[in-house]
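Following: one structure in structure tokens, then a few remarks.
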Protein chains: 2
Amino acid sequence: MKIALAQLDYHIGNFDGNLNKMLAAVEQAKTQGADIICFGELAVCGYPPRDFLEFDDFIQRCYTSVDVLKNASRDIAIVVGAPSRNPVPEGKDLYNSAYFLYGGEILGVQHKALLPTYDIFDEYRYFEPARVFHPVAFKGKKIALSVCEDIWNVGNENPLYTICPLDEMMADAPDFILNISASPFNYAHAALRIHTVRANVERYNIPLFYTNHVGAQTDIIFDGGSIVMSPDGLVFDEMPYFEECLRVYELVEVQAGGRSAEQPKEKVRLIHDALLVGIRDYFRKLGFSKAILGLSGGIDSAVTAVLAAKALGPENVRVLLLPSQYSSDHSVDDARQLAVNLGIAYDIVPIRPIFEAFEAALQPFFEGLAFNVTEENIKARSRGTLLMAMSNKFGNILLNTTNKSEMAVGYGTLYGDLCGGLAVLADVYKTEVYALAAYLNKDGEIIPQNSIVKPPSAELRPGQKDSDSLPPYEILDALLYQYIECRKGPRELAALGFDETLVARVLRMVNLNEFKREQAAPVLRVSSKGFGMGRRMPIVGKYLS
Amino acid sequence: MKIALAQLDYHIGNFDGNLNKMLAAVEQAKTQGADIICFGELAVCGYPPRDFLEFDDFIQRCYTSVDVLKNASRDIAIVVGAPSRNPVPEGKDLYNSAYFLYGGEILGVQHKALLPTYDIFDEYRYFEPARVFHPVAFKGKKIALSVCEDIWNVGNENPLYTICPLDEMMADAPDFILNISASPFNYAHAALRIHTVRANVERYNIPLFYTNHVGAQTDIIFDGGSIVMSPDGLVFDEMPYFEECLRVYELVEVQAGGRSAEQPKEKVRLIHDALLVGIRDYFRKLGFSKAILGLSGGIDSAVTAVLAAKALGPENVRVLLLPSQYSSDHSVDDARQLAVNLGIAYDIVPIRPIFEAFEAALQPFFEGLAFNVTEENIKARSRGTLLMAMSNKFGNILLNTTNKSEMAVGYGTLYGDLCGGLAVLADVYKTEVYALAAYLNKDGEIIPQNSIVKPPSAELRPGQKDSDSLPPYEILDALLYQYIECRKGPRELAALGFDETLVARVLRMVNLNEFKREQAAPVLRVSSKGFGMGRRMPIVGKYLS
């Protein structure tokens, strides 16, 4: 028996696009003699469809797509994810289902039981959990169908759920497991995925075929990396990361095992590749091709510009240099050099006259009051307005260049440098931005060395440096990681050796700035805990603030 | 037996504040001879605590508060909501629990079984559902304890859950039901709440005491309206809306029934009162007292200004009039008249010089290109920057004045008139804003009649009117309501009589503008489906767009 896995880049709500992509893969799998082809979880509508699922019309269109695939299944079995309606009034109205289609018929449907409802996931918002589990019989084999999370309650010390759905199927002695997933990327996820697949294979002693999505849906990036694991616990195959792929496997070979084809997992490269996909898909799926951003001469905007040029092509990236009276000469030089190195269009627009017009308008109110963050914000907002004007006039999406460290502590001006359609680096800590810069420069200097080595500064005040008001980024980032990703509280952070006063100050900064993140652009998610849908904090909360 | 209900305004994460408030209520109930006092769901930490629940330190502080209340329960039983730890590793780590404290001991704990995970609710993100249900025995009575949603699966045609927790308790023949809730306001909710309480009383034939929260937590407003219902299905008492309240009830009197004390539920008044609470609590809980906003002479900013002045006091509200060359004279006059009527400080800052500075800076790029939405946006962003500068310099929170109709179709400039810490009217359709204006003027003209009767216009272009590009608001709002609140799709909308071309156009506008709402200020929620946490849509989705 030959099993094809297809990891595809679906587009939420683009039923025709998703369907055509799958039908093409079906034809390709047939020419390669496959008996079964597997697509991803909720592949007909894309993942996560969120509240579109509450529209009957949307569900109807999902059914229509399943129907078309059913008709395409005369000579090959098709396994595909789609929502399905709960036939009884009690419980949620939908299931998250895996359809097994063959011979123009529905041979089996397995609903998902474990509904991830944490971090970016909201599945129990929409779906009723499955309570019945049976393998599908096909060409003399019994196949344990499962959807994503249903294999994830195995191999954890603190399991999130009280059952393991595949346990229930083992009474029927299935020959192998098919798992259709939509499991988003973070830089540590591929290793965890293999660990989880192995925990299942070790528990059930049968091969497991795991299909994932690729591509980005706004903030959420899928890396593919679909897995075939043999009963010996070796990775028989791992599909490439961040690329569509279709491969056909001979079951007896997978059963035999003895082959290990795991890919290397280098953090900085994974983040780099993920961000390129994130940028590219955001533009493509919204029907845009051109980006604009402001270059400050600093490392964050430099890295963002290089990523944008690689993702969209240098001809599609335009930058503005927006110096104020406090910008140093080297900032403009560094920014200009970067634009030249990248071969992207750049222009210089001094913001001083605009700032002065604001100053004049506000003079009756501000007369005699000291220069403070207000004036810094006016500069940042003047830049934001100029960039948005170019975006509006020429149809370039503005890319936001804020990093995760700044976003965490609130070093950024709402409606100023926090403007943008997509925040490229806001899930990448400053120290990780340096690693990305080194990675981008590995085959020759693209980002001027000066942008990398100079002390970070917002240049909103004469002589200003980040280190005036923040601890060194090595310490800040380590602390933020423990607080944000690992959810450590003040006592746990002190126990890890962080200074208690610093802990209190940083946690307070993070919590007080929730209102800024609430209004921030979507953030490409590359860590296990990014800002956005995955982290939900009360704005008026008075905790550690 | 005397039962006290306390509906209080808790503050998320403010453990000391919440505790002191409850301890004062305990003393008050004791002086009134109460045997039991009931507080709200998760009262120790406030609702919704969101991802604070993922911090062990936060949970520890909840336990500490329960301990203090336990010690305060020597002479009176205290029923209070708090998270509690799941003792087994399988399943989520927490329960959402009701504690029954008496004599310095925990007499009983009932976990919540039905975990609302829809609209603004994310409870299954944090909590394991209860599987065991037993009444608590106290002074010869058996009391069915329940938390909020656990009474909500009764009386619906399409129940969201497969069990009714109180059904399980009836084997033990409880004498009455105590339900501790955190059930957010919308203008139709109070009636629904009574319907649901009645469905339970009719099913179980015993009295039901229902306690709610009051006050706002950022976007989410609680209206109180706690209910005591007798077995005859009459509302023995309904506590006031939007006010803290403590009342003591004699159980035998409630059992006897025959008294109906339901309050009137007038939509416009409920919305009005809710918005005042929403504004007041946002400021108070963040430690601010002063607001600023821009007055355009139109109805939205006028209504927002009146609400702000009523909520915060006229001395705490400051407005700017920010005319451009396209603003009509009457706009400035109407805005000025409103400020005078309200007795609030106002200033006029023409934006033309700022606009011209932007024009000059952009002239090399825009030369020869037609005036379009770009220039309109520059004006809106110049205003936003001026208002934010005043906010930054003087510590006034900027109030956003966008209405729900505009927010839905994307008529608003990101980083321009969409600026603000809190969107006061963005869950109020334009037609409802008119009703609010009439309500605010009912005892004399505060909002100038001209602001109400003139055709709506953004005044960003000469002679511009909303009706140039939008259908009449009566039609638009009715369509938006069916799409947003009732989740009707294109065919259902056509079946309701809406023009198919208009439906396609409006739905496309709503869906294409998801990116703006993603970056909008928190919206005071007064309807059953507001923008914000309660409505989650994919930005890159290609559905009806």
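The values are calculated or read from the model by the stated rules, or taken from the named source; none is laboratory data. The model shown is predicted, which means the values in this text are computed figures rather than measured ones. In this analysis, Cβ positions are derived from the backbone assuming ideal geometry, glycine residues included, and neighbour counts consider all displayed protein chains.
Out of all the residues in the stretch B:521-537, is one or more surrounded by fewer than 17 Cβ atoms within 10 Å (Cβ to Cβ) and under 20 Å from residue B:304 (Cα atoms)?
no
Among the residues of the stretch B:320-334, which ones are closer than 15 Å to residue A:361 by Cα, of a type in the set (A, V, I, L, M) and free of Cβ contacts under 8 Å to residues at least 40 places away in the same chain? Show your work before the answer.
Going residue by residue through the stretch B:320-334, those that are closer than 15 Å to residue A:361 by Cα are B:320-324.
When the remaining residues are screened for being of a type in the set (A, V, I, L, M), the result is B:320-322.
Selection gives B:321 alone.
Looking at the stretch A:521-545 only, could you name the residues that are at the interface with another protein chain (Cβ under 7 Å from one of its Cβ atoms) and either within 23 Å of residue A:417 (Cα to Cα) or in contact (Cβ under 8 Å) with a residue 12 or more places away in the chain (or both)?
Initially, the stretch A:521-545 is screened for residues at the interface with another protein chain (Cβ under 7 Å from one of its Cβ atoms), giving A:521-522, A:535-543.
Residues satisfying the conditions are A:521, A:522, A:535, A:536, A:537, A:538, A:539, A:541, A:543.
For the stretch B:386-397, name all the residues that are within 8 Å of chain A (Cβ to nearest Cβ) and assigned to a loop (DSSP other than H, G, I, E, B).
Result: no residue meets the conditions.
Going through the stretch A:141-151 one residue at a time, which ones are buried (at least 20 other Cβ atoms within 10 Å of the Cβ) and either out of contact with any strand residue (DSSP E or B) (no Cβ under 6 Å at 6 or more places or on another chain) or not assigned by TED's automatic domain parsing to the domain that holds residue A:119 (or both)?
Those that are buried (at least 20 other Cβ atoms within 10 Å of the Cβ) and either out of contact with any strand residue (DSSP E or B) (no Cβ under 6 Å at 6 or more places or on another chain) or not assigned by TED's automatic domain parsing to the domain that holds residue A:119 (or both): A:148, A:149, A:150.
Restricting the search to the stretch B:422-455, which residues are surrounded by fewer than 21 Cβ atoms within 10 Å (Cβ to Cβ) and in a loop (DSSP other than H, G, I, E, B)?
Those that are surrounded by fewer than 21 Cβ atoms within 10 Å (Cβ to Cβ) and in a loop (DSSP other than H, G, I, E, B): B:441, B:442, B:443, B:444, B:445, B:446, B:454, B:455.
Is it true that residue A:68 is of a type outside the set (Ser, Thr, Tyr), surrounded by fewer than 23 Cβ atoms within 10 Å (Cβ to Cβ) and touching a residue at least 24 places away in the same chain (Cβ under 8 Å)?
yes
Given the residues A:107, A:101, which is the only one that is of a type outside the set (D, E, K, R), buried (at least 22 other Cβ atoms within 10 Å of the Cβ) and over 23 Å from residue B:124 (Cβ atoms)?
Going through A:107, A:101 in turn, the sole match is A:101.
Spot the failing condition for residue B:481; the list is (1) free of Cβ contacts under 8 Å to residues at least 60 places away in the same chain; (2) part of a helix (DSSP H, G or I); (3) farther than 17 Å from residue B:119 by Cα; (4) out of contact with any helix residue (DSSP H, G or I) (no Cβ under 7 Å at 6 or more places or on another chain), and only one is missed.
(3)
So how many residues does the stretch B:362-385 have that are of a type in the set (S, T, N, Q) and more than 9 Å from every other protein chain (Cβ to nearest Cβ)?
1
Please enumerate the residues belonging to the stretch B:152-172 that are in contact with a strand residue (DSSP E or B) (Cβ under 8 Å, 6 or more places away or on another chain) and either within 13 Å of another protein chain (Cβ to nearest Cβ) or of a type in the set (Asp, Glu) (or both).
Answer for the stretch B:152-172, where residues must be in contact with a strand residue (DSSP E or B) (Cβ under 8 Å, 6 or more places away or on another chain) and either within 13 Å of another protein chain (Cβ to nearest Cβ) or of a type in the set (Asp, Glu) (or both): just B:172.
Do you know which of the residues in the stretch A:16-60 that are among the hydrophobic types (A, V, I, L, M, F, W, C) and touching a Gly at 6+ places or on another chain (Cβ under 9 Å) is farthest from the other protein chains (Cβ to nearest Cβ)? Talk me through it step by step, then tell me what you get.
So in the stretch A:16-60, the residues among the hydrophobic types (A, V, I, L, M, F, W, C) come out as A:19, A:22-26, A:29, A:34, A:36-39, A:42-45, A:52-53, A:55, A:58-59.
Checking the rest, the ones that are also touching a Gly at 6+ places or on another chain (Cβ under 9 Å) come to A:39, A:42-45, A:52, A:55, A:58.
Values: A:39: 18, A:42: 12, A:43: 15, A:44: 12, A:45: 8, A:52: 6, A:55: 5, A:58: 6 Å.
Once the filter is applied, the top-ranked residue is A:39.
If you check B:115, B:101, which single one turns out to be within 30 Å of residue B:185 (Cβ to Cβ) and within 14 Å of chain A (Cβ to nearest Cβ)?
The conditions single out B:115.
Identify, from the list A:493, A:507, A:544, the residue that is at positive phi and not small (Gly, Ala, Ser).
Only one candidate qualifies: A:544.
Among residues belonging to the stretch A:1-20 that are assigned to a helix (DSSP H, G or I) and buried (at least 19 other Cβ atoms within 10 Å of the Cβ), point out the one that is nearest to the chain's Cα centre (by Cα).
Applying the filter and picking the extreme gives A:18.
Quick one: residue A:467 ticks every box in (1) at pLDDT below 95; (2) part of a loop (DSSP other than H, G, I, E, B); (3) more than 14 Å from every other protein chain (Cβ to nearest Cβ) except a single one, so which number is it?
(2)
If a residue counts only when it is within 12 Å of chain A (Cβ to nearest Cβ) and of a type in the set (A, V, I, L, M, F, W, C), which helices (runs of 4 or more DSSP H) contained entirely in the stretch B:247-361 have at least 1 such residues?
Here the list reads B:267-286.
Restricting attention to the stretch A:217-232, which residues are in contact with a Phe, Trp or Tyr (Cβ under 6 Å, 6 or more places away or on another chain) and among the acidic types (Asp, Glu)?
Scanning the stretch A:217-232 gives a single hit, A:223.
For the stretch B:420-431, check the following and say yes or no: at least one residue is modelled with pLDDT of 95 or more, touching a Gly at 6+ places or on another chain (Cβ under 7 Å) and either facing another protein chain (nearest Cβ under 10 Å) or within 25 Å of residue B:462 (Cβ to Cβ) (or both). Before the answer, list the steps.
Our first condition is that a residue be modelled with pLDDT of 95 or more; within the stretch B:420-431, this holds for B:420-431.
Among the residues that remain, those that are also touching a Gly at 6+ places or on another chain (Cβ under 7 Å) are: B:427.
With the extra rule that they be either facing another protein chain (nearest Cβ under 10 Å) or within 25 Å of residue B:462 (Cβ to Cβ) (or both), the set shrinks to none.
No, every residue in the stretch B:420-431 fails to be modelled with pLDDT of 95 or more, touching a Gly at 6+ places or on another chain (Cβ under 7 Å) and either facing another protein chain (nearest Cβ under 10 Å) or within 25 Å of residue B:462 (Cβ to Cβ) (or both).
Scan the stretch A:165-175 residue by residue and report those that are among the hydrophobic types (A, V, I, L, M, F, W, C) and surrounded by fewer than 24 Cβ atoms within 10 Å (Cβ to Cβ).
Correct list: A:169, A:170, A:171, A:173.
Hey, among the residues in the stretch B:345-376 that are of a type in the set (A, V, I, L, M) and over 41 Å from the mean Cα position of the chain (by Cα), which one's surrounded by the fewest Cβ atoms within 10 Å (Cβ to Cβ)?
Restricting to residues being of a type in the set (A, V, I, L, M) and over 41 Å from the mean Cα position of the chain (by Cα), the top hit is B:370.
Among the candidates B:121, B:138, which residue alone is touching a residue at least 24 places away in the same chain (Cβ under 8 Å) and either crowded, with 24+ Cβ neighbours inside 10 Å or within 30 Å of residue B:530 (Cα to Cα) (or both)?
Values: B:138 fails: either crowded, with 24+ Cβ neighbours inside 10 Å or within 30 Å of residue B:530 (Cα to Cα) (or both).
The conditions single out B:121.
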